[in-house]
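Note sheet for the following structure.
The values are calculated or read from the model by the stated rules, or taken from the named source; none is laboratory data. This is a predicted model, so every value here is computed, not measured. Glycine also receives a Cβ, built like all others from the backbone with ideal geometry; neighbour counts cover every protein chain displayed. For accessibility, only protein heavy atoms count, side chains too; no ligands or nucleic acids. Shrake-Rupley method; radii C 1.70, N 1.55, O 1.52, S 1.80 Å.
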Amino acid sequence: QVQLVESGGGLVQAGGSLRLSCAASGRTFSMYGMGWFRQAPGKERKFVSAINWSGGTTYYADSVKGRFTISRDNAKNTVYLQMNSLKPEDTAVYYCARGRSGLGYDSRQYDYWGQGTQVTVSS
């Protein structure tokens, strides 16, 4: 069983930055791609970013491209999401997830999920 634990969320003013972390249990972390999704109140969960097993390939939603950076440290079983130039519309619960096989924008392509961390951006 894989456990994913997100941290680093909080309240920040517009224009500020946060770095989210997702720590994974187990010995197979480096074999899988990882993704970040977010869900705002009353809205469906949406893709934010993903990274392949080595960290050599990354994907971003258009809404965060140029502001967010995904990275991973396989020695620490951790994936990160650096969020800069935050906007009020970035407010959501952010979830990390393990790719089932390969990477994608569809949440159904991910099999394990963390509990989420709240990010609130004030205007």
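Checking the condition open to solvent by less than 50 Å² (accessible area, probe 1.4 Å), modelled with pLDDT of 95 or more, over 14 Å from the mean Cα position of the chain (by Cα) and over 22 Å from Q1 (Cα atoms), which residue from L20, L86 passes?
Going through L20, L86 in turn, the sole match is L86.
What's the total number of residues in segment 40-54 that are open to solvent by less than 60 Å² (accessible area, probe 1.4 Å) and either in contact with a Gly (Cβ under 6 Å, 6 or more places away or on another chain) or farther than 14 Å from S71 by Cβ (or both)?
4
Check segment 45-52 and report whether any residue there is in contact with a helix residue (DSSP H, G or I) (Cβ under 8 Å, 6 or more places away or on another chain), part of a strand (DSSP E or B) and not basic (K, R).
yes
Do you know which of the residues in segment 64-81 that are of a type outside the set (V, I, T) and open to solvent by 70 Å² or more (accessible area, probe 1.4 Å) is nearest to the chain's Cα centre (by Cα)?
Top of the filtered list is K65.
Considering segment 18-63 alone, what residues qualify as being in contact with a Leu (Cβ under 7 Å, 6 or more places away or on another chain) and farther than 15 Å from V119 by Cα?
Passing the criteria: A24, G33, G35, S49, A50, N52, Y59.
What pairs come up if the first residue lies in segment 16-41 and is at positive phi and among the small types (G, A, S), the second is exposed (fewer than 14 other Cβ atoms within 10 Å of the Cβ) and at pLDDT 95 or above, and their beta carbons are under 8 Å apart, counting only those six or more places apart or on different chains?
Sorted first by the residue in segment 16-41, then by its partner, the pairs are G26/Q3.
Working only within segment 92-109, note down all residues that are outside any loop (DSSP other than H, G, I, E, B) and under 19 Å from R27 (Cβ atoms).
Residues satisfying the conditions are C96, A97, R98, G99.
Might you let me know whether segment 27-38 holds any residue that is of a type outside the set (A, V, I, L, M, F, W, C) and surrounded by fewer than 13 Cβ atoms within 10 Å (Cβ to Cβ)?
Within segment 27-38, one or more residues are of a type outside the set (A, V, I, L, M, F, W, C) and surrounded by fewer than 13 Cβ atoms within 10 Å (Cβ to Cβ).
Can you say whether A61 is more than 18 Å from R100 (Cβ to Cβ), at pLDDT 95 or above and open to solvent by less than 30 Å² (accessible area, probe 1.4 Å), as far as the supplied structure shows?
yes
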